[in-house]
1. Of everything in segment A:37-57 that's surrounded by fewer than 21 Cβ atoms within 10 Å (Cβ to Cβ) and within 18 Å of residue A:81 (Cβ to Cβ), which residue is nearest to the other protein chains (Cβ to nearest Cβ)?
2. Taking residue B:101 as meeting all but one of (1) within 14 Å of chain A (Cβ to nearest Cβ); (2) touching a residue at least 12 places away in the same chain (Cβ under 8 Å); (3) in contact with a Gly (Cβ under 7 Å, 6 or more places away or on another chain); (4) surrounded by fewer than 16 Cβ atoms within 10 Å (Cβ to Cβ), write down the number of the exception.
3. Among the residues of segment B:69-78, is any in contact with a Phe, Trp or Tyr (Cβ under 7 Å, 6 or more places away or on another chain) and either within 14 Å of another protein chain (Cβ to nearest Cβ) or hydrophobic (A, V, I, L, M, F, W, C) (or both)?
4. Output the residue which, of all residues in segment B:1-46 that are in a strand (DSSP E or B) and within 10 Å of chain A (Cβ to nearest Cβ), is farthest from residue A:25 (Cα to Cα).
5. For segment A:67-119, give me every one of the strands (runs of 3 or more DSSP E) that falls completely inside it and has 1 or more residues that are without any contact (Cβ under 8 Å) to a residue 60 or more places away in the chain and closer than 19 Å to residue B:100 by Cα.
6. Determine, yes or no, whether residue B:87 is at pLDDT 95 or above and buried (at least 22 other Cβ atoms within 10 Å of the Cβ).
7. In this structure, does residue A:77 turn out to be away from chain B (no Cβ under 13 Å) and in contact with a Ser or Thr (Cβ under 6 Å, 6 or more places away or on another chain)?
Amino acid sequence: DAGVTQSPTHLIKTRGQQVTLRCSPISGHKSVSWYQQVLGQGPQFIFQYYEKEERGRGNFPDRFSARQFPNYSSELNVNALLLGDSALYLCASSPGQAGAIRMSQETQYFGPGTRLLVL
Amino acid sequence: AQSVAQPEDQVNVAEGNPLTVKCTYSVSGNPYLFWYVQYPNRGLQFLLKYITGDNLVKGSYGFEAEFNKSQTSFHLKKPSALVSDSALYFCAVSNTGKLIFGQGTTLQVKP
């Protein structure tokens with residue numbers, strides 16, 4: 001079975017531009033989460049979507065937005081890019097279950113990431 | 001607030017020796033704990049998780065982790081390290097599906 005896929009693998013943008021990152025979850029998974037990993041740090045949670053609804057949002061500015069489509073794929077959009085947005089953006093999928101406790105117990109499977117460089 | 005700490009930036013071990021990568025956690029309620037490994041320029045690979053039950057959790061590639069509630073720790077272990085185990089290891093706690101990661105520990109296994 002195919003794992004989580006992300007596109008593009010690499011991206012170079014300039015300050016002020018906008019970027020869209022894409023993620024396809026494992027077949028049958030209904031939940032998608034996005035994380036930002038800055039060099040030398042652990043991943044930071046950005047968003048989680050389940051059944052096309054936002055289930056959680058991390059401490060990121062409104063320049064970051066996301067959505068999930070009927071086929072459970074997802075897009076992460078970042079507007080007005082800053083140099084500090086340079087990072088590896090990771091998408092993770094999980095089966096998705098209702099209820100906070102069951103969601104907490106699920107394993108999230110990560111894609112290879114999109115490396116964004118903002119110049 | 002929920003958090004995890006990985007007190008060692010780097011762990012060095014000789015091939016064939018046992019390895020331990022340390023993790024401590026702070027949570028309110030039941031802890032749901034995970035270990036992931038990241039190879040250079042790659043995403044995170046799931047190794048194992050603790051949800052409930054037996055304190056010794058077995059995972060992929062011969063790794064295991066010991067959950068200790070009194071010490072609020074979840075250390076990753078392997079009886080015999082391989083050079084190919086050299087990578088960046090992350091401990092994480094799950095809060096309503098949001099993973100909160102530690103800073104990571106680089107494991108260096110030397111031949």
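The values are calculated or read from the model by the stated rules, or taken from the named source; none is laboratory data. Note that this is a predicted model, so its numbers are computed, not measured. All Cβ positions, glycine included, derive from the backbone under ideal geometry; neighbour counts span all protein chains shown.
1. Residue satisfying both the conditions and the ranking: A:44.
2. (4)
3. Looking for residues that are in contact with a Phe, Trp or Tyr (Cβ under 7 Å, 6 or more places away or on another chain) and either within 14 Å of another protein chain (Cβ to nearest Cβ) or hydrophobic (A, V, I, L, M, F, W, C) (or both), one finds at least one in segment B:69-78, hence yes.
4. Of all residues in segment B:1-46, those in a strand (DSSP E or B) come to B:3-5, B:10-14, B:19-21, B:24-26, B:33-38, B:44-46.
Restricting the remaining residues to those that are within 10 Å of chain A (Cβ to nearest Cβ) gives B:4, B:34, B:36, B:38, B:44-46.
Details: B:4: 27, B:34: 20, B:36: 18, B:38: 19, B:44: 15, B:45: 15, B:46: 15 Å.
Filtering segment B:1-46 for residues that are in a strand (DSSP E or B) and within 10 Å of chain A (Cβ to nearest Cβ), the one farthest from residue A:25 (Cα to Cα) comes out as B:4.
5. Numbers: elements: A:74-78, A:87-94, A:114-118.
Output list reads A:87-94.
6. Values: at pLDDT 95 or above: yes; buried (at least 22 other Cβ atoms within 10 Å of the Cβ): no.
It is false that residue B:87 is at pLDDT 95 or above and buried (at least 22 other Cβ atoms within 10 Å of the Cβ).
7. Details: away from chain B (no Cβ under 13 Å): yes; in contact with a Ser or Thr (Cβ under 6 Å, 6 or more places away or on another chain): yes.
Considered against the rule, which asks whether it is away from chain B (no Cβ under 13 Å) and in contact with a Ser or Thr (Cβ under 6 Å, 6 or more places away or on another chain), residue A:77 comes out as yes.
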